[in-house]
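Take a look at the structure set out below.
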Amino acid sequence: MRSYRAELLLNIPARRAFLNITPQVREAVRKSGVQEGLCLVNAMHITASVFINDDEHGLHSDFEKWLETLAPEKPHSQYRHNGYEDNADAHLKRQIMGREVVVAITGGELDFGPWEQIFYGEFDGMRPKRVLVKIIGE
Amino acid sequence: MRSYRAELLLNIPARRAFLNITPQVREAVRKSGVQEGLCLVNAMHITASVFINDDEHGLHSDFEKWLETLAPEKPHSQYRHNGYEDNADAHLKRQIMGREVVVAITGGELDFGPWEQIFYGEFDGMRPKRVLVKIIGE
Amino acid sequence: MRSYRAELLLNIPARRAFLNITPQVREAVRKSGVQEGLCLVNAMHITASVFINDDEHGLHSDFEKWLETLAPEKPHSQYRHNGYEDNADAHLKRQIMGREVVVAITGGELDFGPWEQIFYGEFDGMRPKRVLVKIIGE
């Protein structure tokens, strides 16, 4: 069995944004040399998400609006977590969008459907954050 | 290490439905010959889900009603993703229900609790879609 | 390839609660002897979740209030699943919070960011429940 680990470093210049990280994950798969296996991609921070959906700006704008409806940032005082912090909404949004994805590797490539792309979802940005890529297989 | 890959082909004759795909996943596990390992089951399309819950029709009806409350299909014009498309709500619903499940394989079987069943959740159907089953282990 | 399986037994004395199970998962990783691999942790019951977030009491109180807003328990009669049962809301809450997490194992340890902790989320407690830990790697 072969294993490979990489960290992606991100520093999003906004509180919230979605970033396509598929190219970096592809690069990790290539470097791993794994032909058949599984690739775990997860946010290492609890106010961010990794998820798979469409690379379409209108949809990302819909996600932003929708998440604000389901788990609004303000007023900050509505959450007991907020006090020293103001990011309770980010912890909730991350539950909707998810922490991680597991992607099959087949023939040395991410085994994707036609529109699948991997995104980093930042909900409390303007600081350095990390994404973990862990690959096992052979 | 052993690996196995299968695709399930689905063509749901409705915009939205839930389908129990546990028998097909069991069959893939049997064919893989894997005794101890992990089984990834994911929608290959970004307007569909794979999730584990109860095989009970009342609950599925509750899911349908609940998802329409959280991410209503109509009016289509409320979403920026809609224009050429009308399926923005399907992309949102899929985030609530999830893209994938990872299930343990123990003794050559899906290692399930008493009521766990794997479902395909279609949110933009009436067209061919695929589910990926990827198994690694030995 | 090495594999390891453990079950955690839980009996939460309330309908809903969040419990940090990171120490038990760490112990399973240690016992497995796996140095590089993947660790799956999933609820074996469909009215409970396993998720990763912050070990902060204010946030857990926010989760409880938020989930009651998105998928309220009462009135029980609003759900078709309820009749013999009264736990439809628990099946919905579990979809928001998720069934499982997959965590990388690196150097024999859970490969975590600074604040990641694994929680069991009970939404229909006062009865015995199980969590599965399955580890593969080498």
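Tabulated results
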| read-out | value |
| --- | --- |
| Virtual spin-label span in nm between residue B:20 and residue C:68, 7 Å along Cα→Cβ | 3.4 |
| Teacher prompt: residue A:61 distances to equivalent labels in other copies, 7 Å Cα→Cβ, nm | 3.9, 3.9 |
| Amide hydrogen neighbours beyond the local backbone of residue C:125, cut-off 5 Å, H modeled | C:15, C:16 |
| Debye, to nearest 20: dipole size of the protein assembly as shown, +1 on Lys, Arg Cβ, -1 on Asp, Glu Cβ | 520 |
| Kirkwood Rh and Cα Rg combined as Rg over Rh, evaluated for region C:24-85 | 1.13 |
| Placed amide H near residue C:85: partners under 5 Å, 5+ positions off or other chain | none |
| Estimated 222 nm signal from helices in chain C, with DSSP H stretches of n ≥ 4 weighted -39500 (n - 2.57), rounded to 500 | -8000 deg cm²/dmol |
| Calculated label separations, residue B:23, copies of the chain, 7 Å along the beta-carbon direction, nm | 4.6, 4.6 |
| Inter-chain shielding of A:3-11 (mean C-beta neighbours from other protein chains, 10 Å cut-off) | 2 |
| Electrostatic dipole magnitude of chain C [Cβ: Lys, Arg +1; Asp, Glu -1; Cα centre; debye, to 20] | 540 |
| Computed label-point distance, nm, for sites residue C:127 and residue A:9 using a 7 Å Cα→Cβ extension | 5.1 |
| Proximal lysine pairs, chain B, alpha carbons under 29 Å, eight or more residues apart or interchain | 9 |
| Near-label residues of region B:118-138 by backbone N, under 17 Å of a point 7 Å along Cα→Cβ of residue A:35 | B:135-137 |
| Across the identical copies, how the residue A:9 labels are spaced - nm, sorted shortest first, 7 Å along Cα→Cβ | 4.8, 4.8 |
| Cα-centred dipole magnitude for region C:79-138, charges only on beta-carbon of K, R (+1) and D, E (-1), debye, nearest 20 | 280 |
| For region C:101-108, Karplus couplings with θ = phi - 60° (6.51, -1.76, 1.60), whole Hz, Gly/Pro x | 10, 10, 10, 5, 10, 10, x, x |
| Share, in percent, of DSSP beta bridges within the protein assembly as shown that are antiparallel, nearest 5 | 95 |
| Quarter of Cα convex hull surface for region C:42-119, i.e. mean projection, nm² | 6.2 |
| Averaged over C:92-100, number of beta-carbon atoms from partner chains that fall within 10 Å | 6 |
| Karplus-derived HN-Hα couplings along region A:2-19 (A = 6.51, B = -1.76, C = 1.60, θ = phi - 60°), whole Hz, x at Gly and Pro | 10, 9, 8, 9, 9, 10, 9, 9, 10, 9, 7, x, 7, 5, 10, 6, 10, 10 |
| Least to most buried among C:8, A:92 (fewest other Cβ within 10 Å first) | C:8, A:92 |
| Principal-axis tilt of helix A:22-32 within chain A, Cα atoms, nearest 10 degrees | 40 |
| Rh (Kirkwood; distinct C-alpha pairs) - the protein assembly as shown, Å | 21.2 |
| Average beta-carbon neighbours from other chains, 10 Å sphere, peptide C:52-65 | 5 |
| Rounded to 10°, Cα long-axis angle of helix C:88-97 versus longest principal axis of chain C | 40 |
| Chain A: Cα Rg divided by the 2.2 N^0.38 Å rule of thumb | 1.12 |
| For region C:74-121, average projected area of the Cα convex hull in nm² | 4.9 |
| Length-normalised contact order of chain B in % [C-alpha pairs under 8 Å, at least 6 apart] | 54 |
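None of the figures in this text is laboratory data; all of them are computed from the coordinates on show. Computed from a predicted structure; not experimentally measured. Cβ: placed from backbone, ideal geometry, glycine included. Neighbour counts: every protein chain shown.
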